[in-house]
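The values are calculated or read from the model by the stated rules, or taken from the named source; none is laboratory data. All values derive from a computational prediction rather than experimental measurement. Every residue, glycine among them, receives a Cβ derived from its backbone with ideal geometry; neighbour counts consider all protein chains shown.
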Amino acid sequence: MSGLLVYSTADPVESFKKLPYSSEAVFLLKYYEATGQDSLNVIPDYFLRGIAMHIHGNMKSVSLGTRIIAFLWDYVIIASYLLLLVGLSFLIRPWLVPLFTTNALLAEITGFLFITLPVYLYFAIGEFSKSHATWGKRKMGIVVSGIRGQSIGLGSSLFRSALKFLPWELAHFTIWHMVIPSDYPDSIIYVLLATVYGLILFYLISPLWSKNKQTIYDVIAGTVIRYKE
């Protein structure tokens, strides 16, 4: 009978992969009948992975090189924004200088509001949007999704981007406390600086041992970079 194909409850993932797309609902129904499941909340993990593989394809891992090129495309937008800020700073210099010279904390907050926050929101909102990608990622044909291929919500996107830019903001904090005298001892500043370099290195190499080429912040956020369908 069309749509009612033979399947094995012993290996539902392999059976599901062999089914035509139109048979998904039928297979789910037959699976529940065979296993006595009566709620969508009890679908086992391996079965959901089978659904994800069938609907979203193989979900081929995206290489680190592709991700770096996508970021470089995004950096074109970031650099353009920074150039705009530089031009604007000449116009409001009398009001801007005190914000960056009074104390390290004020300089840090000002830098966060003018630089880090807009860049952070660019990535977070872009990856939450309908395209699930920033401009650079769209250029490279990749998107951010959940580990099973599902769309991510705004909360997940904000959390992922916060983890991603943690080393950058920590670097800003450290540099301002190096440039402007503060109460922090030199030992703390050097530890923070070493932490920044350590995090950056860890972020860069973590995809090398991840099956899905996930960075550590992707693993924590439950996200993955994959090719657009």
Residue match in the stretch 167-185 (condition: in contact with a helix residue (DSSP H, G or I) (Cβ under 6 Å, 6 or more places away or on another chain), among the β-branched types (Val, Ile, Thr), in contact (Cβ under 8 Å) with a residue 24 or more places away in the chain and under 28 Å from Ile225 (Cβ atoms)): no
Options Phe112, Phe165, Phe202: the member that is closer than 26 Å to Leu85 by Cβ, more than 14 Å from the chain's Cα centre (by Cα) and not aliphatic (A, V, I, L, M): Phe112
Given (1) in contact with a helix residue (DSSP H, G or I) (Cβ under 7 Å, 6 or more places away or on another chain); (2) basic (Lys, Arg); (3) surrounded by fewer than 14 Cβ atoms within 10 Å (Cβ to Cβ), number of the condition Lys228 does not satisfy: (1)
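Can Leu201 be described as crowded, with 17+ Cβ neighbours inside 10 Å, of a type outside the set (Val, Ile, Thr), closer than 26 Å to Thr66 by Cβ and modelled with pLDDT of 90 or more? Steps first, answer last, please.
On the way: crowded, with 17+ Cβ neighbours inside 10 Å: no; of a type outside the set (Val, Ile, Thr): yes; closer than 26 Å to Thr66 by Cβ: yes; modelled with pLDDT of 90 or more: yes.
It is false that Leu201 is crowded, with 17+ Cβ neighbours inside 10 Å, of a type outside the set (Val, Ile, Thr), closer than 26 Å to Thr66 by Cβ and modelled with pLDDT of 90 or more.
For Val143, indicate whether it is in contact with a His (Cβ under 9 Å, 6 or more places away or on another chain) and either in contact (Cβ under 8 Å) with a residue 40 or more places away in the chain or buried (at least 16 other Cβ atoms within 10 Å of the Cβ) (or both). Lay out the reasoning, then the answer.
Numbers: in contact with a His (Cβ under 9 Å, 6 or more places away or on another chain): yes; either in contact (Cβ under 8 Å) with a residue 40 or more places away in the chain or buried (at least 16 other Cβ atoms within 10 Å of the Cβ) (or both): yes.
Criteria met by Val143.
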Identity of the residue in the stretch 204-229, in contact with a strand residue (DSSP E or B) (Cβ under 8 Å, 6 or more places away or on another chain) and among the hydroxyl-bearing types (Ser, Thr, Tyr), that ends up farthest from Arg67 (Cα to Cα): Thr223
Condition broken by Ala107, with the remaining ones in (1) more than 24 Å from Ser206 (Cβ to Cβ); (2) modelled with pLDDT of 95 or more satisfied: (2)
Unique match (being among the hydroxyl-bearing types (Ser, Thr, Tyr), surrounded by 17 or more Cβ atoms within 10 Å (Cβ to Cβ) and free of Cβ contacts under 8 Å to residues at least 40 places away in the same chain) among Ser206, Ser210: Ser206
Subset tally (residues that are surrounded by 13 or more Cβ atoms within 10 Å (Cβ to Cβ) and hydroxyl-bearing (Ser, Thr, Tyr)) for the stretch 171-198: 4
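Quick check, is Leu64 modelled with pLDDT of 70 or more and either in contact with a Pro (Cβ under 6 Å, 6 or more places away or on another chain) or on the phi > 0 side of the Ramachandran plot (or both)?
Details: modelled with pLDDT of 70 or more: yes; either in contact with a Pro (Cβ under 6 Å, 6 or more places away or on another chain) or on the phi > 0 side of the Ramachandran plot (or both): yes.
Criteria met by Leu64.
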